[in-house]
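Worksheet for the structure shown next.
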Amino acid sequence: MTERILVIGALGQLGSELVVSLRDIFGSDNVIASDVRTPESSFSDGPMEIVDALNPERIVQVVDQYKVNQIYHLAAMLSAKGEAKPMLAWNLNMQSLLNVLQIAKEKQIQKVYWPSSIACFGPGTPVENTPQHTIMDPNTVYGISKLAGERWCEYYFNKYGIDVRSLRYPGLAGYKTLPGGGTTDYAVDIFHYAIRGENYECFLQPDAMLPMMYMDDAVRGTIELMQAPAASVKIRSSYNIAAMSFTPSQIAEAIKLELPAFTINYKPDFRQKIAESWPDSIDDSAARDDWGWDHRFDLEAMTKDMLANLSITGPQNT
Ligand code: VAH
């Protein structure tokens, strides 16, 4: 059976890279990129549709037109932006997921992917090596929507047999696209400033420890989860997944090893409080045991790869 994959939210930080990798594996014509925004140039090698994830009729129209049998639903408002527009964030993050889950049920979609986040944890969660099953008391709209979304995913799996799979991403850093409205965006912005030879003013404290992952690992882990045999996917809320943890001062030191002239100063804003509510490190043994997850990039490898690629592609204005 040919995989016909719809990616909703394809222009986002994760979507932009996931579409490229999915097209490499399944063929460009079999991966339909979609977003509420019109792309400037991306994805011209395959189908691109304008889809508002809050419009279920439009999603169904594209599912029917392309005979879609897998949906990656990535559209969401991230943590920092969500605190500025709480009701918009809740509605987008929750209603769009419910639209996709209901369509998966009605149209017999074979597999659904939906990203959760370490933002589903909160100040009461054990902060070191946060377990797969533990206290979850998120205090951001984004985190609350991720916790609720995980519950809905498990509900649709148990009640209707929908094969929906999910990962609790840490902060993600990649060189191809800028993140939008997250608390961990600093870990991407810092590289663009460094490549431009400019001082970086960090919106988190130097010792703000956060779980992070290089985009290459996140994209590979996502596809490996989706290609795993259904029987090995034992967690149907969302899997903890991890690679490394670092602080702004540690990533700054890693950059200085490559660019000695790089400088940073710190001016924490409201995002510091959000960062403090999240874990320092994650126990992802369930993902490693159930479907063979393993990360490949540590801070040094990510730093080298980011700087090497940005020196070729050129920094973007963050
Ligand atoms: C955010 N990048 O900062 C997202 C992520 C763990 C953080 O979910 O909101």
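The values are calculated or read from the model by the stated rules, or taken from the named source; none is laboratory data. Not measured: the values here are computed from a predicted model. Cβ placement follows ideal geometry from the backbone for every residue including glycine, while neighbour counts extend to all protein chains displayed. The area values use the complete protein model at the heavy-atom level, side chains included, leaving out ligands, DNA and RNA. Shrake-Rupley method; radii C 1.70, N 1.55, O 1.52, S 1.80 Å.
When we screen ALA218, ALA230 for residues that are open to solvent by 40 Å² or more (accessible area, probe 1.4 Å) and not assigned by TED's automatic domain parsing to the domain that holds PRO179, the only hit is ALA230.
Residue count for the range 139-151 satisfying the condition of being in a loop (DSSP other than H, G, I, E, B) and within 11 Å of the ligand (Cβ to nearest atom): 1. The conditions are (1) under 24 Å from GLY180 (Cα atoms); (2) open to solvent by less than 10 Å² (accessible area, probe 1.4 Å), and VAL63 fails exactly one of them. Which is it? Every condition holds for VAL63 apart from (1).
Among residues belonging to the range 115-161 that are aromatic (Phe, Trp, Tyr) and open to solvent by 10 Å² or more (accessible area, probe 1.4 Å), point out the one that is nearest to ARG271 (Cα to Cα). If we take residues in the range 115-161 being aromatic (Phe, Trp, Tyr) and open to solvent by 10 Å² or more (accessible area, probe 1.4 Å), then TYR142 is nearest to ARG271 (Cα to Cα).
Is at least one residue of the range 88-102 under 23 Å from GLY180 (Cβ atoms), of a type in the set (Val, Ile, Thr), open to solvent by less than 30 Å² (accessible area, probe 1.4 Å) and in contact with a Leu (Cβ under 7 Å, 6 or more places away or on another chain)? Show your work before the answer.
Residues of the range 88-102 under 23 Å from GLY180 (Cβ atoms): 88-100.
Subsequent filtering for residues that are of a type in the set (Val, Ile, Thr) retains 100.
Narrowing further to those that are open to solvent by less than 30 Å² (accessible area, probe 1.4 Å): 100.
Cutting the leftovers down to in contact with a Leu (Cβ under 7 Å, 6 or more places away or on another chain) gives us none.
Looking for residues that are under 23 Å from GLY180 (Cβ atoms), of a type in the set (Val, Ile, Thr), open to solvent by less than 30 Å² (accessible area, probe 1.4 Å) and in contact with a Leu (Cβ under 7 Å, 6 or more places away or on another chain), one finds none in the range 88-102, hence no.
Selection of the range 31-46 for residues being open to solvent by 30 Å² or more (accessible area, probe 1.4 Å) and closer than 18 Å to VAL63 by Cα yields only VAL36. If the condition is being small (Gly, Ala, Ser) and outside any helix (DSSP H, G or I), then the range 1-41 contributes GLY9, ALA10, GLY12, GLY27, ALA33, SER34, SER41.
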